[in-house]
1. Given Cα positions, please report Rg to Rh for region A:373-459, the hydrodynamic radius being the Kirkwood one.
2. Quick one: Kirkwood hydrodynamic radius for region B:243-291, alpha-carbon pairs, angstrom, one decimal?
3. When the accessible area of region B:178-217 is split by element with a 1.4 Å probe, what percent falls to carbon and sulfur?
4. Could you provide, to the nearest whole Å², the per residue accessible area of chain A with probe 1.4 Å?
5. Have a look at region A:535-621 and give its Rg and Dmax from the Cα atoms, expressed in angstrom.
6. Under Stokes-Einstein, with the Kirkwood radius over Cα pairs standing in for Rh, what whole-number D in µm²/s applies to region B:78-155 at 37 °C and 0.692 mPa s?
7. What are the residues whose amide H is under 5 Å from the amide H of B:V343, where those residues sit 5 or more places off or on another chain and H is modelled from the backbone?
8. Starting from the Cα of A:K142, draw a straight line to each of the lysines and keep only those under 18 Å, dropping any in the same chain fewer than 8 residues away.
Amino acid sequence: MKNSVPKIATRADLDRVRDAARSAPDKDVREKILVCTGGGCMAAGAKAIKTALTGELKKQGLEKEVALVETGCLGPCVVGPVLVMSKERVFYQGVAPADAAEIVQEHIVKGRIIERLAWKEGPHKTPLPLQAEIPFFKRQTKIVLRNCGVIDPNSIDDYIGHDGYQAVAQALFSMTPETVIEEMKKSGLRGRGGAGFPTHLKWAMARKSPGEVKYILCNADEGDPGAFMDRSVLEGDPHAVIEGMLIGGYAIGAHQGYVYVRAEYPLAVERLQRAIEAASERGLLGENILGSGFNFALEIRKGSGAFVCGEETALMASIEGNRGEPRPRPPYPALKGLWRRPTVLNNVETFANVPFIIARGGAAYSALGTERSKGSKVFALAGAITISGLVEVPVGTPLEDLIYEIGGGIKGGRNFKAAQIGGPSGGCIPREHIAVPLDYESLNALGAIMGSGGLVVMDESACMVDVARFFMEFVQEESCGKCVPCREGTKRMLDILNKICAGDGCPEDLALLQELGGQIKAASLCGLGQTAPNPVLSTMRHFRDEYEAHIVHKRCPAGVCAALLVYSITDACTGCGACKRACPSAAIAGSAKVKHIIDPALCIRCGACFKACKFGAVLKA
Amino acid sequence: MILTINGITVEAQTGQTILQAARTHGIFIPTLCYHSQTGPTGKCRMCLVEVVGMRGLQTSCTIEVAEGMVVTTESEALTAARRLVVDLLLASGKHDCLSCEKSGACELQDAAYRLGIERPSFPVEEVEPTDESSEFVYFERQKCIKCGRCIAGCNAVVVNEVLDFAHRGAETKVVCDNDVPMAESTCVQCGQCVQLCPTGALIDKKARGKGRVWELDKVNTTCPYCGVGCQMTLLVDRGRNRIARVTARQVAPNRGTLCVKGRYAYEFPSSPNRLTHPQVRKNGRLENVSWDEALDYTADRIKTIVQRDGPDVFSAFGSGRITNENNYAIQKFTRAVIGTNNVDHCART
């Protein structure tokens, strides 16, 4: 059926397809079930739920009246699989295939809301069935994620029906490349990949660069631990990225684009590929787009899992078929980028903002945010937070609001200790700064960065030295090895951190870490090395006492660093022998019904006794 | 174009890098990964400088000069950055200068000397074993600083495409083909990697233990193997009257390259089978004679035979091991003096 659909050759064609897409489903369909098929819900079993619902609808003879649609990430991944009954936007969470019958029977046939599957809010677990009532959704402002959880990412008609490709039409017919860039300037959009470079400046530089052949690239090589914004956008709204790149291509004068996406995102690759094919088939990619005379082709290039290929020049080297290593700048990519041609690289989230800015105007976008950081930002909440998932808020929203009002606070009612923002290039924000507004300047002042928006929340059980060690291990493994400070220096920093965590640290280590960190930042070739020491430096700045506890007192206050733990048995011991049986190194002695004792010389600090004790008699300190 | 380096006004050409401009004017900027033959890469971070108006430290090997540019090549921050690089590199392998072939000609040793670093401040790493498999190249990986000059030389200068980096980060290493021993690889043993290596990681196997750079006399000469006329330097052990090794000169026509024969087949001057005098067969035995006698004898015999039997009994063979000019003279002599077209050459197929 789709194949027979004619090309969208003019702006009028586009409007016709939009109007048709808007009215078509309403004729026969009285309800649309949107099943979230973002990565998280897919992993939780969304496909099986869709199959069960399909079967159930058929059984009830409702398959014509009720449409079942796969949609992109709705956000609260932790309660997945989730789905939305689109008529009233009733939100169901934690759905299992076994619930299909009840959903069809109760909700569709009888029109009754199933409270059991509804969102539970607050200490009394009050059910909130309507999406609009749920604080997690209410506090968000969705621009990038505007279509995620609303449309079917596999349907170009659905996207067009939601005003898709209208922005590019507007740019091609009512704007010059210069006015497009001017609008981007008004929006104040800054690169969402991490560094926050003003997008309009990048575009203007590439526009002015001499040369017939220019390229526009999309960085979808999202690699920060805990970040999944770009994946979700590609999975949930791939056409928005394509449209953003089309507008960018028109603005700088590029006729070829590449999306560099990591191969570990198979679903994102699949949906983007399908979207590119659909857009090409309809004539929205290719030659003479909408009859404007503008040509633009788009291709996917898959990355093989090197974190450094998220760095722009390394990404270009990788597309060229070379080893993924960064190149010195200048020359900047806007002058000499991919294949030494003027090139613009923006990330997925940046491009997804563009259609909104062009369609609604830069002013509408810059109305959100702070004085110097405009618009909205997507954050991936992970770690010790109650609702881990994907959220979008105006830039400048306080961290505290994000964690407590949207994210539902810390898991298990524990206390907030720190948030790691910006991934391995970022830093930790301690409790005393929890009110910090999430904008580029405020975060930089605290030694962290906005980064791509990965936000790992930590409670008191996190050891900050161990966290720093984790990130250092990550960058050390992901260093490309090209320049000496990053290749050799990060390894030395990791060695020192390992030493400290093993209880072999000495007071000089702190000064050495500080010095090494500063030197690596100053002397490294690319952004990876220049920011690699940040997690260490920021934890040393905000949690110096924890480092000192490890080094001076040989203690890990959070009880994480195994080598520094001392296990002992208190008087609560009943002599049941569970710990003795669990101990792999025969370090526990004691006869039945008599208090047991741990021999510290034999103890390997594995924690097996701690887990085995049912009476809380094993003490970890 | 006028710019300022360390307060000194210098003139530079458009397209020159800061490093080139500085070196032209005798201003020293240390480098490890830069080589004029392989170009800038920005890897080693030794050539960092400060440029007014540019954020952070910049690699002078990659930044082109601009009118009015103000550059500083020495400062506390730059020394600290360079010290870090050398310190980390010294700890990254076993850089033992005491018995190293490259001592005295090692760029890492020079850098450590200039910065006054005696020992690395980090524990020395254990690294991969030495690749002794090949005939002429001794690859001691523990002295490799991963500057990539050998790789650039192999791929971009002589285009043999054998060497490359494998793995990532601290695991990065130089490998032959798909990480096979050099002897099993497609390497043709041209020794370009040895020529370019700044440390003692890649050295001439035959030259090991035959003397360090300051113990050997340097004799510039032309390679005798073919007509190209490659320029080379013989490193000669005068005491033993032997050639210890051969390196290429950075001049035309070979510009720092040599083939396997030119670089490694240098024993023939001291071969006992080598003719050291002209000889003439007398009474069935070859006897040493003077050049005059030998030439007179030859000229006389040619004259007699050609007069007796005509010019076509004479023929001349040129050689690929002599120059074009020599070969030209041979054919001219044969045609103009003898009067025959019987001229041939070993390279005629």
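The values are calculated or read from the model by the stated rules, or taken from the named source; none is laboratory data. Since the model is a prediction, treat every value here as computed from it, not as a measurement. Neighbour counts are summed over all protein chains in view; Cβ atoms, including those assigned to glycine, are modelled from backbone coordinates with ideal geometry. Please note that ligands, DNA and RNA were not included when accessible areas were found on the heavy atoms of the full protein model with its side chains. Shrake-Rupley method; radii C 1.70, N 1.55, O 1.52, S 1.80 Å.
1. That ratio is 0.92, to two decimals.
2. Kirkwood hydrodynamic radius for region B:243-291: 13.8 Å.
3. Its accessible area is 48 percent carbon and sulfur atoms.
4. Spelled out: the 1.4 Å probe surface of chain A, per residue, equals 38 Å².
5. Rg then Dmax for region A:535-621, in Å: 15.4, 50.
6. 240 µm²/s
7. Long-range HN contacts for B:V343: B:A316.
8. In chain and number order, the partners are A:K374, A:K377.
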